[in-house]
Structures are given as C-alpha cells and as structure tokens.
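Asker: My structure is below; once you've seen it, I'll send some questions.
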Amino acid sequence: MAKSVAALRDELSKSELQKIKSTGCLDIKRKVKITGVPYEKKDQMNGDSDNEKPQDTKIIHFQRHGEGTHNVLYTTWTQAGNTIDWDSKDPKCNPLL
C-alpha cells in the first residue's frame, strides 16, 4: 500500500531532523542582548489611546528570528543537487511541505 503524503512528509522530517542534530546545529547556546528605552507616561489630557491602560504599565516585546529547520533542509536538499518542485504536493519533490 502506498504511503500517504503526510506519512512521507513525517518520515522525511524525522530523517532530516536526525541529520541536523548530527551536525550539532541544534541546542547551541548564544548570548542574548536585550535593549530598551525608558517608558514615557502619556498625558492624561491629550486623548492618547494609551489612556485606557494603567499609566505604570510597561509593554515588553520579545522577538526572535532565527534559522529554522526549513532553511537547513532547503540548503541540504539543494546542495545535494536536488531541485524543488514548488507546486508539487509530493514531499519527494518538495520536502518543504
């Protein structure tokens, strides 16, 4: 019986994850630098929309952008001489499904 697309994708994902783990790309500790600016209280009388929030509230956004496993998979796949059929639903032709 033929494997489903989802089963093939999962199988490929697991094998690629093992390859990535074997390179030591995962679990690398890196320094994190957090920067900020002083919070400025809004004028209660100027009609700012922030007036609905408590005036001592600080909003902190943590953002991280890093290389995902899909980036490594793409590089590994194409460096091996394989092409990607972007329109294909077959994970053997498009491993990034």
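Laboratory data are not the source of any read-out in this text; all were calculated from the coordinates shown. Being a predicted model, the structure only gives us computed values, none of them experimental. As a convention, Cβ positions derive from the backbone with ideal geometry for all residues, glycine included, and neighbour counts pool all protein chains shown.
Asker: Working out 0.36 nm times the residue gap between Thr69 and Cys93, then minus their Cα-Cα distance, what length gain in nm do you get to one decimal?
Answerer: So the chain would gain 6.9 nm between Thr69 and Cys93.
Asker: Continuing with the same structure: Tally Lys/Arg at +1 and Asp/Glu at -1 over every other residue whose Cβ is under 13 Å from the Cβ of Ile84; what's the total?
Answerer: -1
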